[in-house]
1. Can you tell me how many residues within the range 51-71 are open to solvent by less than 10 Å² (accessible area, probe 1.4 Å) and out of contact with any strand residue (DSSP E or B) (no Cβ under 7 Å at 6 or more places or on another chain)?
2. Filter the range 1-30 for residues that are closer than 20 Å to Asp68 by Cβ and open to solvent by 40 Å² or more (accessible area, probe 1.4 Å) and give the result.
3. Give the range 87-114 a look and list any residue that's assigned to a loop (DSSP other than H, G, I, E, B) and in contact (Cβ under 8 Å) with a residue 12 or more places away in the chain, or say none.
4. For the range 29-51, how many residues meet the condition of being touching a residue at least 40 places away in the same chain (Cβ under 8 Å) and among the charged types (D, E, K, R)?
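The values are calculated or read from the model by the stated rules, or taken from the named source; none is laboratory data. On a predicted model such as this, the values are computed, not experimentally measured, just so you know. Using ideal geometry, Cβ is built from the backbone for each residue, glycine included, and neighbour counts are taken over all protein chains shown. Just so you know, the surface numbers come from the protein's heavy atoms only, side chains and all, with ligands and any DNA or RNA stripped out. Shrake-Rupley method; radii C 1.70, N 1.55, O 1.52, S 1.80 Å.
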Amino acid sequence: MKVDPKIEEGWKAELQPAFEEVSFANLKAFLLREKELDQPIYPPGSRIFAAFDHTPWDQVRVVILGQDPYHGPGQANGLCFSVSPGVPPPPSLKNIFKELHDDLGLPIPPSGDLTPWARQGVLLLNATLTVRAHQAGSHQNQGWEAFTDAVVERLNTHTRRLVFVLWGSYARRKAAGIDRKRHRVLESPHPSPLSAHRGFFGSKPFSRINAVLREWGEPEIDWDLG
């Protein structure tokens, strides 16, 4: 049976086989049970596929992999590491902004909403796209990982060369199958307070991404969120 998810049309065409997998049907059943139990889930339903809607398939140039959505009220907006406007940046995002300042000299952004990056072709993809309120990791191992594995596999076959940004061991494992002869892979420790001082700070990811894009004759990303 053909599934008709509310997601950007290019992505829908690419991911239709993944939507028809048993694991995705099981995931839908799990989310319906959560709704029946009146469990608050983040991000809101209309934002679950926001990463794909803001960065259409044919516009992807950079891929940043995260793990889980934020689980506090009003934080998650469907883009990894990003928070909704007006929400204070969590610790990892604060460290990302510190590195952005140190790397490019840009001011610390007034908002933690990374939508302007997504609209320039930066796919901000979490491995798990939903979470229960106040329960980190609560929607892991329910089917999202299989779905986002399929996303990474499709990205690996993209007609355009892509820059994959892997922060931490989880992201490196998630993208282990990327063709590094074709795409460019930038790795560093995770920006969390537990690991940022082990090599995330000073890794200069933003200037390195733009250097690759220049090398390929692509427009640079404007990282300024001010």
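1. Matching residues across the range 51-71 total 1.
2. Passing the criteria: Ser23, Asn26, Lys28.
3. Val87, Pro88, Pro89, Pro90, Leu106, Pro107, Pro109, Pro110, Ser111, Gly112, Asp113, Leu114
4. Residues that pass the stated criteria total 1.
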